[in-house]
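Before any comments, here is the structure.
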Amino acid sequence: MNDIFDKKTRSSIMKSVKSSKNKSTELRLISIFNELQIKGWRRNYKIKGKPDFVFQKARIAVFADGCFWHGHNCRNTTPKDNDNYWSAKISRNKKRDQDITKYLEQKGWKIIRIWECELQNKNKTNIELRLKPIVEQSVYK
Ligand SMILES: [Zn+2]
C-alpha cells in the first residue's frame, strides 16, 4: 500500500472524484434519454443497490457505472490504476454489482448496466441498442 496520501485524505479525494464522475455520467445518460424520447424515469428510487434510474412500471433499473470503480476492462482503466490498494476495492465493487443484479433480477427487474465509456458519442449506436428495452415500452413514448 504505497499511497502518498494518508487514508483520510485519499478517501476524500476519491470521494470527490467519484461524485463528479458519477454526476457527469448520469447527466449524459439523461440527455440520451431525451434524444431517444425516453420518459418516465425516476431517480433516487428506494430499492436495493440504488440504481441511477428506475422505470417503475416497466420494472427496468438502469445503472450508470464508472469504468474505474466498477472494474470495466476498457481503456478508461489502465493497468497502473489496478495497484493492490484499489484492485481489492474494485473487485469488491464488481462482486457487489453482480450480487445486486442477481438479486433484482430475481425480484423481476430487468437490469441495464451502462458503462461510462459507452456514453461517448462514438458509441451512440451501441447505447441506443442497449436502451431498446426501455424505448420499446410504449407507455413511455
Ligand atoms: Zn469502460
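Within the range 35-58, is even one residue surrounded by fewer than 18 Cβ atoms within 10 Å (Cβ to Cβ) and outside any loop (DSSP other than H, G, I, E, B)? Scanning the range 35-58, I find at least one residue that is surrounded by fewer than 18 Cβ atoms within 10 Å (Cβ to Cβ) and outside any loop (DSSP other than H, G, I, E, B), so the answer is yes. Between 127, 112, 100, 134, the distinction of being touching an Asp or Glu at 6+ places or on another chain (Cβ under 6 Å) and not in a loop (DSSP other than H, G, I, E, B) belongs to 127 only. Regarding the range 75-84, can at least one residue be identified that is loosely packed, with under 14 Cβ neighbours inside 10 Å, within 30 Å of residue 3 (Cα to Cα), at pLDDT below 90 and more than 16 Å from the ligand (Cβ to nearest atom)? Within the range 75-84 (the criterion being loosely packed, with under 14 Cβ neighbours inside 10 Å, within 30 Å of residue 3 (Cα to Cα), at pLDDT below 90 and more than 16 Å from the ligand (Cβ to nearest atom)), the answer is yes, since at least one residue qualifies. Only one of the listed residues (90, 100, 60, 112) is within 16 Å of the ligand (Cβ to nearest atom), over 28 Å from residue 5 (Cβ atoms) and in contact (Cβ under 8 Å) with a residue 12 or more places away in the chain. That residue is 112.
Just checking, does the range 117-124 include any residue being modelled with pLDDT under 85, outside any loop (DSSP other than H, G, I, E, B) and either more than 13 Å from the ligand (Cβ to nearest atom) or within 30 Å of residue 3 (Cα to Cα) (or both)?
Keep residues of the range 117-124 that are modelled with pLDDT under 85, which gives 120-124.
Now drop any that are not outside any loop (DSSP other than H, G, I, E, B), which leaves 121-124.
Imposing the further condition that a residue be either more than 13 Å from the ligand (Cβ to nearest atom) or within 30 Å of residue 3 (Cα to Cα) (or both) reduces the set to 121, 124.
Yes, the range 117-124 contains at least one residue that is modelled with pLDDT under 85, outside any loop (DSSP other than H, G, I, E, B) and either more than 13 Å from the ligand (Cβ to nearest atom) or within 30 Å of residue 3 (Cα to Cα) (or both).
With surrounded by fewer than 12 Cβ atoms within 10 Å (Cβ to Cβ) and either of a type outside the set (Lys, Arg) or farther than 30 Å from residue 4 by Cα (or both) as the only criterion, which of 129, 29 stands out? Before you say what the answer is, go through the steps one by one.
Numbers: 29 fails: surrounded by fewer than 12 Cβ atoms within 10 Å (Cβ to Cβ).
After applying the criteria, what remains is 129.
Of the residues in the range 35-56, none is free of Cβ contacts under 8 Å to residues at least 24 places away in the same chain and within 16 Å of the ligand (Cβ to nearest atom).
The values are calculated or read from the model by the stated rules, or taken from the named source; none is laboratory data. Please read these numbers as outputs of a predicted model, since none were measured by experiment. We place every Cβ from the backbone using ideal geometry, glycine too, and count neighbours over all the protein chains shown.
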